[in-house]
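A short write-up of the structure that comes next.
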Amino acid sequence: MGTREKYVSFYYEGQELPEVKLDPKKTALLIVDMQNEFVLRDFGEALEFKEAGVWERWIPFHDRLDDIVIPNNKRLLEFFREKGMTVTFGRIACLREDGEDRSPVQKSEGWNNMLMPVNSYSAAMIDELTPLENEIVVNKTTDSVTTGTNYLMLLRFMGIETVVVTGIVTDQCVASTVRGLADDGFKVICVEDCCAAGSQELHDQELRIMNVIYCDVMSTDEVIDLIEKNS
């Protein structure tokens, strides 16, 4: 059973899924929010969770990041670079030190309240996924990479038709980005083993909701095989 079949929802049960097609020259990778603030175990949110006494809840999330998500993102990123394909990044980063340019969602109290100035260590992508020169990095003060940024326009200027989306968290910034891309007419692939949510249940539920309707949920191996087949 393929990944798309694993994540089939009520709407597509028993139906034959259409073949996924792409043109590698018109395909971009988008890595979402794989930033120091969220990923490191000894910095940012992790320290806040430890101070609040809730770190145990977040260990499975960080284990998935370290054991599955980071290695697969690195592998996919290196594959795109080797193929000379378009690589892009979306990250949470406000332009003002006081964060007044953030959306109301990111100013709200609770887990989603994040203040990450654009030049700060917290806003930087993790070392394993550091952007190279000539790779596009889009800064956002919203959850979706497509809202309030010029990302969609840049994709059109570059002739991109398909976007391969990875990152965190599956049910928030990744999901809102996938929907934004799909609604704007792009084909979207969401890479299951390159994403994570606060819990595995949330991760699986969100992928099942989005699959086939807004994107095709695939694994890293499946995406690489698909691109190789179409190269």
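The values are calculated or read from the model by the stated rules, or taken from the named source; none is laboratory data. Keep in mind the model is a prediction, meaning the values are calculated, not measured. Neighbour counts run over all protein chains shown; Cβ positions are idealised from the backbone, glycine included. Remember, those area values only see protein heavy atoms, side chains included, never the ligands or the DNA or RNA. Shrake-Rupley method; radii C 1.70, N 1.55, O 1.52, S 1.80 Å.
I want the antiparallel fraction of DSSP beta bridges within the chain, as a percent rounded to 5. Before the final figure, lay out each step's value.
Numbers: 1 of 28 bridges.
Approximately 5 percent, going by the DSSP bridge assignments.
In this model, which of LYS25/LYS187; LYS26/LYS140; LYS26/LYS83 are farther than 18 Å apart at the alpha-carbon?
Beyond 18 Å between Cα atoms: LYS26/LYS140.
If you put +1 on each Lys and Arg Cβ and -1 on each Asp and Glu Cβ, how big is the dipole of the chain around its Cα centre, in Debye rounded to 20?
Roughly 640 debye, rounded to the nearest 20.
Can you send over the solvent-accessible area of GLU48, 1.4 Å probe, protein chains only, in Å² to the nearest 10?
About 110 Å², ignoring ligands and nucleic acids.
Where does the longest stretch of the chain lie that holds no trypsin sites (Lys or Arg not before Pro) found in a DSSP loop with 14 or fewer other Cβ atoms within 10 Å? Each step should come with its number before you reach the end.
Working: sites that count: LYS21, ARG96.
Longest site-free region, per DSSP loop and neighbour criteria: 97-231.
Kirkwood hydrodynamic radius, computed over distinct alpha-carbon pairs, for the stretch 8-73: how many Å, to one decimal?
Mean inverse Cα-Cα distance, inverted, gives 15.3 Å.
Once you order the gyration tensor axes a ≥ b ≥ c over the Cα atoms, which shape class does the stretch 125-231 get: rounded for a/c under 1.5, otherwise prolate or oblate by comparing a/b with b/c?
Verdict is rounded for the stretch 125-231.
Can you list the residues, at least 5 places off or on another chain, whose amide H is less than 5 Å from the amide H of VAL169, using H built in the peptide plane?
Amide H neighbours of VAL169: VAL174.
Under a Cβ-only charge scheme (Lys and Arg +1, Asp and Glu -1), can you give me the dipole magnitude of the stretch 125-198 about the Cα centre, in debye to the nearest 20?
Roughly 320 debye for the stretch 125-198.
Within a Cβ distance under 12 Å of ILE126, other residues only, what is the Lys/Arg minus Asp/Glu net charge?
Within the 12 Å Cβ shell, the charges total -2.
Along the charge dipole of the chain, Cβ charges K/R +1 and D/E -1, which of ILE209, ALA28, GLY159 sits furthest on the positive end?
GLY159
Checking a compactness column here: for the chain, what do you get for Rg(Cα) / (2.2 N^0.38 Å), N being the number of residues?
0.98
Please report the net charge: other residues with Cβ closer than 9 Å to the Cβ of THR220, K and R +1, D and E -1.
Value of the local net charge: -3.
With Cβ to Cβ distances under 11 Å as the rule, what net charge do the other residues near LYS74 carry (K, R +1; D, E -1)?
-1
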